[in-house]
Amino acid sequence: MDLTDLREALGPDQPGYRARQLYQALYKSQITDLVSISTLPTRTREELAQRHALGMPEVAHLYESTDGTRRYLLKLEDDRTVETVLMPEGERDTICISSQVGCPVDCKFCMTALMGLERSLTAGEIVGQVLLVAQENHLRQEGGRLNIVMMGQGEPLLNLENVVKATRILLDPAGFGLSPRRITVSTAGIIPKIEELGREPVRPKLAISLNASTEESRQELMPITRKYHLKDLMEACKAYPLRPWEKLTFEYVLLHGVNDSDADARRVVKLLANLNAKVNLIALNPGPGIPYETPLPERVASFQAIVRHAMPCFVRKPRGLDIYAACGQLKRNAGNPVA
Ligand code: SAH
C-alpha cells in the first residue's frame, strides 16, 4: 500500500497525517506488528489490527550456501511460494527479489522457465520480500550498503505496474529510503515496456539480458525475442532516457560452444558501440533440464578481454551455486533445506 491506499484504509475520519505515520511505521521503521506503532493512538492501532494484517511473506525454507548466500523460499498468502536471495559481500548486501511466481519468458538456459508462469506478484509481495529479508538479517540501508536487484523469478517488465509501485515505496525517503542507484531491474527485452519504464519519473536502473550476439541465436535461446527483435531493442536502448549518473547494463550468459566465441564478443562490442553501456558476463550456471554447458574459463577471459577494450565489462561471480540460488537456478524446490 502506498500513501493513498493507506489513507483509504484508515477511512475519512482520520486526519491526513495519520496515513503518513502509518506509512513511515511500515516502510521506514519496519514495524513487525500493527499494534506496536507507537505514533498512532492505541484505539487506532487496535482497529487497524482487527481489520488488517501486515501480509508479510512467511519463510517456508531457508537454504544456506557455503559462500554465505541465503536462499529464502517464501510462502505467499495463497500458499504459492517464490524465492528471494540474499548475497552478503563484505560491507555490501544485495537482495535479489522476484517479480512473478515462475516466468513466462521461456529462455532455454534458465531453470525458472521450466515452471512456466503461475502468477504475477503484487506490489506488496515485492516490497514484502525486501522487508522480510532485511528484518531477518538485521540489514540496514543507511550508508548505501544495501542493493536490490529484480533478477529473481519472473520477467519484471511483464508486471511493470506493480514493479514501479514497489520501486516508489523502496526509493521514497519517507518510505524504505533506498538510493535510486541501489536498485536495478533486469528484463529479457520487452521493448514497449522499456519505453514505458523510461517515462517513469521514479524508476530503478535498467539491465537488459542480451545473451546472444545475433538475431538468429537470440531467437533460439530466448523465444520471446521472436516478437521483440534485436534491432528494435537496440533502438529502444538508444532512445532510453538515462539519468546523468546512469549506464545501461547488458547481461550476457555464456554458453559453452554456443555464444562464447571471440567473434560473438566482437559482435557484442559492435552492437553496443553507440550506447553508454557496461556488460556483465555470466558463465552458465548448470542445472537439471538445461541442455547447455558452462564455458571454459579461458573462453570467459578472452570474451571479457575483447569487450573490455570497448566498454566496462565484468564477470559476475556465481553466488549460492550449491543451494540453487545462482542466476537461472531459481526453481523453488531444488537443494537441501537448512531451516
Ligand atoms: N527475466 C528477467 C529477470 C531475470 S534476471 C531477465 O531475463 O532479465 C536473471 C539473469 O540470469 C538474466 O540475465 C538471465 O539471462 C540470467 N540467467 C538465466 N539463466 C541462467 C543460467 N542458467 N546461468 C547463468 N545465468 C542465467
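Quick notes on this structure:
- Some residue of region 183-192 being away from the ligand (no atom under 15 Å from the Cβ), open to solvent by 20 Å² or more (accessible area, probe 1.4 Å) and in a helix (DSSP H, G or I): yes
- Taking the criterion of being closer than 19 Å to residue 290 by Cα and crowded, with 19+ Cβ neighbours inside 10 Å, the residues of region 242-259 that qualify are 251, 252, 253, 254, 255, 258, 259.
- Number of residues in region 77-131 that are basic (Lys, Arg) and within 16 Å of the ligand (Cβ to nearest atom) equals 2.
- Filter result (within 24 Å of residue 95 (Cβ to Cβ) and either within 9 Å of the ligand (Cβ to nearest atom) or in a helix (DSSP H, G or I) (or both)) within region 193-209: 193, 194, 197, 207, 208, 209
- Evaluating residue 63 against the criteria (1) in contact with a strand residue (DSSP E or B) (Cβ under 6 Å, 6 or more places away or on another chain); (2) open to solvent by 30 Å² or more (accessible area, probe 1.4 Å) leaves one unmet condition, (2).
- Search result, residues across region 84-105 that are of a type in the set (D, E, K, R) and touching a strand residue (DSSP E or B) at 6+ places or on another chain (Cβ under 6 Å): 93
- Matching residues in region 135-165 - criterion: being β-branched (Val, Ile, Thr) and under 26 Å from residue 6 (Cα atoms): 148, 163, 164
- Subset of region 207-241 [hydroxyl-bearing (Ser, Thr, Tyr) and either farther than 11 Å from residue 271 by Cα or buried (at least 19 other Cβ atoms within 10 Å of the Cβ) (or both)]: 209, 213, 217, 225, 228, 240
- Selection within region 165-177 - among the hydrophobic types (A, V, I, L, M, F, W, C) and either within 13 Å of the ligand (Cβ to nearest atom) or open to solvent by 10 Å² or more (accessible area, probe 1.4 Å) (or both): 171, 174
- Flag set for residue 170, criterion: over 16 Å from residue 250 (Cα atoms), of a type in the set (A, V, I, L, M), in a helix (DSSP H, G or I) and under 20 Å from the mean Cα position of the chain (by Cα).
- Some residue of region 41-57 being under 25 Å from residue 289 (Cα atoms) and among the basic types (Lys, Arg): no
- Of all residues making up region 89-110, the number that are in contact with a Lys or Arg (Cβ under 9 Å, 6 or more places away or on another chain) and modelled with pLDDT under 95: 3
The values are calculated or read from the model by the stated rules, or taken from the named source; none is laboratory data. Bear in mind that the values here come from a model prediction, so they are computed numbers and not experimental data. Heads up, the Cβs are rebuilt from the backbone with ideal geometry, glycines too, and the neighbour counts pull from every protein chain shown. Keep in mind that these areas ignore ligands, DNA and RNA; they rest on the heavy atoms of the full protein, side chains included. Shrake-Rupley method; radii C 1.70, N 1.55, O 1.52, S 1.80 Å.
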